[in-house]
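S.K.: The structure that follows is given in the form of C-alpha cells.
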Amino acid sequence: MRILVEGVVVYYGAFRALDGVTVEFQQGEVTAVLGPNGSGKTTLLRTISKILRPEEGAVYVGERDLRELKEGELAKLMGYMPQGVESRFPMRVWEVVALGRKPHVAWALTPRDVQVVEEAMKLAGVERLADRYLHELSGGERQKVMLARVLAQEPKVLLLDEPTSHLDLRYQIEVLKLVRLITKERGLVTIASLHDINLALRFADKAVLMKDGLVYAIGKPEDVLTPENVVEVFNVKAALVKNPRPFIVVEDAV
Amino acid sequence: MGLPSDKLKGALVVLAAALPLLLFFASVSLGSISIPFDRVLSALIGNVEGVEGTIVWSYRVPRTIASLVAGATLAINGAVLQALTRNPLASPFTLGLNSAASFGAALAIIVGRNLIGLGDPLALTAAASTNAFVLSVIAIVVVTGLAGLRGMTPESLVLGGIAIAYLFSAATSFLQYLAGETQLRIFVLWAMGDLMRVDWLGAYLLIVALVISAMLSLKIAWDLNALSLGDETATSLGTNPRTTRLVGTLATAFSTALVASQIGPVGFVCLMSPHIARHLIGTDNRYVIPMAAIIGTSLLTIADIGARTLMRPVEIPVGVITAMFGAPFFLGLFVRARRQIWQ
C-alpha cells in the first residue's frame, strides 16, 4: 500500500490551490506536510481523502485510482481527521468515537466494534471522558477524541490535519509518539500536516515542504527542514541548533 | 461506564412503544361522547352496533390512527431535518412547507380553485387537501432545487426554505385580505390544524406518509450520525452529504406534505419530539428516530384527546393545543436543560 499523488491541480473557484503536486507516501512512514498558511497542506489532505476532486492529475491508493473507489470502500481504507470538528447536538464522547465504526457496520455494532471503540479511546487517552459531552471538553481534549474516532475507523491510511494544534506541550509529544507507534505497528500510511517544524524533525520519517500550492522540497526531515529552506518558504530568519538532534530556532520575521 | 449497549437502548424503545398502544384505546374511548372501555373493546372486535359502533369505526378509529401516525411522521421528519441541516431548530416547516400548504388551502377556501380539478368543487376540505399537497410539493421542488444549486449545504436548505415561507405567507395574507368572513373563518380553522376532518382515506394516506418517512430515515440513520460532525468527516466515513441531504429532504418533505394536506400545519410536534428523544436516549439517530416517533405519536394523540375533551362538547383545533402546551413545555426544557440540548 502506498499513496501516489500525481500532477494534481485543485481549484477553489478561480484560485489554484494546488498547482501540479506530485508526491508519494509510503507504508509504515509518518510524513509531515509543512508550509505556511495557504500553501495547500489542507487542500492536499482533502484531495487525498476525496473531499475535493482534482481538476487535473490523479491520486492512487495502492494500485487503484481514487476515482474508482466507492465511498464505502474508501472509508474502510482511509481515515481523515479534519481540523476544528464540533457538533451542534449534545453528543457524548463515546458516541463520537463509535462513529468511526460506521464504514464497517450495516446497522448494529458488534461486540468487536465496541471493543475497537474502547481500545481507540484508551489509546488516545480519552477513556475517562467517555460519558462527557463533546461540547464541554477543551479544544485539546476534543482533538484527542477526534483522534480516537479516526483510530476506531481502523484505516490503512491515516490523514491528520494539524493533529496537535490545540494540544499542550506534553500532549503534542504524546499524540505524535502514539501516531508514530501505530503507524509502525499497523503498517499505516500516515500523512499529517503540522505547523511545528521541530515536531516534524522529531517525529516524521519524511517531510513535504509546500509553498504556494507546490511541493518545495521533499525528503528526510533534516534534509528538508534546513534553515535555508525555512527562510525561503516561511519568510522568517531561522538558525539550526543541535541538541543533539537538529532543532530550528526561529529568530524573527523577515 | 463502558458503552451503553445497543440492546439496552433497543429495550428502552420497545418499552416506550407501549405508551402509544395505551393511548390508542384512550383516544377511541374519550371524546364529546365518551364510550366506556369495555364497550370500546367489544366495538373494536365488531360486537357493538348502532351509534357507538358508528362513532368508534367511522370517527374515532380513523382519527386515532391519524393522530398516532401523523405524530410519528412529523417527529421523525423533525429528527431527520435537524440532523440533515445540523440545526437543532429545524423542522419540516423550516423548508416552508406549512406556508405552502396554507396557501394551497387558502386558494381552495377563499378563491375556490381546486388545482388538479378532482372531486366535488364544493367539497372544500377535499380541495383544500389537494391544493395543500400540490403547493407543498412545488415548495419542495423549489427549495431542494435552489439548495442543489448551492451544493446542498445545510445553510442553502434553510435559507431557501425561509425565502419560500415568506413568499407563501405574503400570498396567503393577501388572500385573507380579500376573503369574506365565512371563508376567513373556515381558512383560519384549517390553518390551525385539526384532526376532525380525517376520514378513512385520510388515515390511509397518513400511513403511506409514515411508511415513507420511517423506512428512508432508518436507512440513512448512520449517515445522519456521520453528518453531525460536519460534511468533511461524513465524507471520510463514506457518507455522501449531497445525496443524503437530497434523499432525506425529499422523503421528509413529501411525507410532511401528505400530513399537512390531511391535518393542516400542526406545529411543535416535529420540533419538540426529537429533542425529548435525544434527551432520553442520546444522539444516535438509529434510536433517536424510533424514540422521536413514539414521543410524537404520544404527544399528538394526547393533544387530540385534549382537543376533544377540554371544552366538551366544543372541539379545540389540535394545532392550538400543541402550540399552547408545547411552547411552554419546550421553554421549560430549554431553561432546565439548555446545555444538554443546545450546546
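The values are calculated or read from the model by the stated rules, or taken from the named source; none is laboratory data. The model shown is predicted, which means the values in this text are computed figures rather than measured ones. Positions of Cβ are backbone-derived with ideal geometry, glycine not excepted, and every protein chain shown enters the neighbour counts.
S.K.: At least 1 residues that are more than 10 Å from chain A (Cβ to nearest Cβ) and surrounded by 24 or more Cβ atoms within 10 Å (Cβ to Cβ) in each: list the helices (runs of 4 or more DSSP H) lying fully within segment B:224-309 that qualify.
M.R.: Because the criterion is at least 1 residues that are more than 10 Å from chain A (Cβ to nearest Cβ) and surrounded by 24 or more Cβ atoms within 10 Å (Cβ to Cβ), the helices (runs of 4 or more DSSP H) in segment B:224-309 that meet it are B:241-263, B:269-281, B:285-309.
S.K.: Next question, about the same structure. Say we look at segment A:78-88 and pick out the residues that are out of contact with any strand residue (DSSP E or B) (no Cβ under 6 Å at 6 or more places or on another chain) and more than 7 Å from chain B (Cβ to nearest Cβ); which of these is farthest from residue A:132 (Cα to Cα)?
M.R.: Just the residues of segment A:78-88 that are out of contact with any strand residue (DSSP E or B) (no Cβ under 6 Å at 6 or more places or on another chain), to begin with: A:84-88.
Retained after the next criterion (residues that are more than 7 Å from chain B (Cβ to nearest Cβ)): A:84, A:86.
On the way: A:84: 18, A:86: 14 Å.
Residue satisfying both the conditions and the ranking: A:84.
S.K.: Now for a different question. Considering only residues of segment A:89-121 that are part of a loop (DSSP other than H, G, I, E, B) and either buried (at least 20 other Cβ atoms within 10 Å of the Cβ) or β-branched (Val, Ile, Thr) (or both), which is farthest from the other protein chains (Cβ to nearest Cβ)? Spell out the reasoning first.
M.R.: Residues of segment A:89-121 that are part of a loop (DSSP other than H, G, I, E, B), as a first pass: A:89-91, A:105-110.
Right, trim to either buried (at least 20 other Cβ atoms within 10 Å of the Cβ) or β-branched (Val, Ile, Thr) (or both) and you get A:89-91, A:105, A:109-110.
Working: A:89: 5, A:90: 5, A:91: 5, A:105: 7, A:109: 6, A:110: 9 Å.
Ranking the candidates gives A:110 first.
S.K.: Only one of A:143, A:172 is of a type in the set (S, T, N, Q), part of a helix (DSSP H, G or I) and either within 19 Å of residue B:233 (Cα to Cα) or within 11 Å of another protein chain (Cβ to nearest Cβ) (or both). Can you tell me which? Walk me through it before giving the result.
M.R.: Values: A:172 fails: either within 19 Å of residue B:233 (Cα to Cα) or within 11 Å of another protein chain (Cβ to nearest Cβ) (or both).
That would be A:143, the only listed residue that is of a type in the set (S, T, N, Q), part of a helix (DSSP H, G or I) and either within 19 Å of residue B:233 (Cα to Cα) or within 11 Å of another protein chain (Cβ to nearest Cβ) (or both).
S.K.: Considering only residues that are within 10 Å of chain B (Cβ to nearest Cβ) and without any contact (Cβ under 8 Å) to a residue 40 or more places away in the chain, look in segment A:46-73 and name the one that is surrounded by the fewest Cβ atoms within 10 Å (Cβ to Cβ).
M.R.: The selected residue is A:70.
S.K.: Select, from B:53, B:71, the only residue that is in a helix (DSSP H, G or I), more than 14 Å from chain A (Cβ to nearest Cβ) and buried (at least 24 other Cβ atoms within 10 Å of the Cβ).
M.R.: Going through B:53, B:71 in turn, the sole match is B:71.
S.K.: For segment B:35-82: of the residues being over 28 Å from residue B:260 (Cα atoms) and polar (S, T, N, Q), which is farthest from the chain's Cα centre (by Cα)?
M.R.: For segment B:35-82, the residue satisfying everything is B:47.
S.K.: Quick one: would you say residue A:43 is buried (at least 20 other Cβ atoms within 10 Å of the Cβ) and either closer than 18 Å to residue A:14 by Cα or hydrophobic (A, V, I, L, M, F, W, C) (or both)?
M.R.: yes
S.K.: Within segment A:39-56, can you find the residues that are in contact with a Gly (Cβ under 9 Å, 6 or more places away or on another chain) and farther than 9 Å from residue A:18 by Cβ?
M.R.: Hits for segment A:39-56 are A:39, A:41, A:49, A:56.
S.K.: Are any residues in segment A:128-140 under 24 Å from the mean Cα position of the chain (by Cα), more than 9 Å from every other protein chain (Cβ to nearest Cβ) and surrounded by fewer than 20 Cβ atoms within 10 Å (Cβ to Cβ), and if so, which ones?
M.R.: The answer is A:137, A:138, A:139, A:140.
S.K.: Could you say whether any residue in segment A:105-113 is modelled with pLDDT under 95 and within 19 Å of the chain's Cα centre (by Cα)?
M.R.: Checked against the condition, which is being modelled with pLDDT under 95 and within 19 Å of the chain's Cα centre (by Cα), segment A:105-113 yields no hits at all.
S.K.: Within segment A:174-190, which residues are surrounded by fewer than 20 Cβ atoms within 10 Å (Cβ to Cβ), closer than 17 Å to residue A:144 by Cβ and touching a residue at least 12 places away in the same chain (Cβ under 8 Å)?
M.R.: Hits for segment A:174-190 are A:174, A:177, A:178, A:180, A:182.
S.K.: Residues in segment B:272-292: is at least one in contact with a strand residue (DSSP E or B) (Cβ under 7 Å, 6 or more places away or on another chain) and not hydroxyl-bearing (Ser, Thr, Tyr)? Working first, answer last.
M.R.: From segment B:272-292, those in contact with a strand residue (DSSP E or B) (Cβ under 7 Å, 6 or more places away or on another chain) are B:282; that's our starting set.
Retained after the next criterion (residues that are not hydroxyl-bearing (Ser, Thr, Tyr)): B:282.
Yes, because at least one residue in segment B:272-292 is in contact with a strand residue (DSSP E or B) (Cβ under 7 Å, 6 or more places away or on another chain) and not hydroxyl-bearing (Ser, Thr, Tyr).
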